[in-house]
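Everything below concerns the one structure shown next.
The values are calculated or read from the model by the stated rules, or taken from the named source; none is laboratory data. Small disclaimer: the values here were computed from a predicted structure and weren't measured. Cβ: placed from backbone, ideal geometry, glycine included. Neighbour counts: every protein chain shown.
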Amino acid sequence: MIQEDLLVKVIDRINSLKIPYMITGGIAVIFFGKPRLTHDFDIVVEIKSDQIQPLVETFGKDFYISAESIRDALDHHSMFNMIHFDSGIKVDFWMLRDVEFDKKRFERRQRHTYTGREIVFSSPEDIILKKLLWFKESEIEKHLEDALGILEIQQNLDIDYLKEWAKKLTVQTLLGKLLGMKP
């Protein structure tokens, strides 16, 4: 099973459970920016406690998934993952946090056709901002390269939105460098 097929299978199951989501991370970078390798899927979700058991039942046959780790992620507004038995591909589910930026980027989700299926992605602007935040925290160059790749490919980005949120998130210097401007 190729990665795209597995992603569609995961999204179909999430949709069947009526769990709001958005694709982010490497898959979103590839979709909006330049091709690169990724070995996992990153999905922001808004899960309620009564959806934990149905989630485990829906994925448990094909994936390693733990109700306890989901409960812990829900309680701590963090993440849990599941691993596909056949391929070893990991799916990271990030809980939607109750912070202004996370709420805003979830509100700005976009529907796009991906491998013949409608899938919900984080907006390219929000992926750039999140990548700048990840770089600020980790100093891993891949995050800057991902953000730059989206900036280079996408022609109709909302630069005012990027600048506004970069300032709020204190990554305006990084954004300025990527845009080729002084902060």
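Couple of notes before you dig in:
- Search result, residues across the range 85-119 that are of a type outside the set (F, W, Y), in contact with a Phe, Trp or Tyr (Cβ under 6 Å, 6 or more places away or on another chain) and crowded, with 17+ Cβ neighbours inside 10 Å: V91, L96
- Within the range 98-136, the residues that satisfy the criterion of being part of a loop (DSSP other than H, G, I, E, B) and over 11 Å from the mean Cα position of the chain (by Cα) are D98, V99, R108, T115, G116.
- Meets criteria (of a type in the set (A, V, I, L, M, F, W, C), more than 15 Å from K9 (Cβ to Cβ), touching a strand residue (DSSP E or B) at 6+ places or on another chain (Cβ under 7 Å) and in contact (Cβ under 8 Å) with a residue 12 or more places away in the chain) for L96: yes
- Among (1) surrounded by 13 or more Cβ atoms within 10 Å (Cβ to Cβ); (2) assigned by TED's automatic domain parsing to the domain that holds V99; (3) charged (D, E, K, R) - the single one D158 does not satisfy: (2)
- When E145, E125, E139 are checked against the criterion of being in contact with a Leu (Cβ under 8 Å, 6 or more places away or on another chain) and among the acidic types (D, E), a single residue qualifies: E125.
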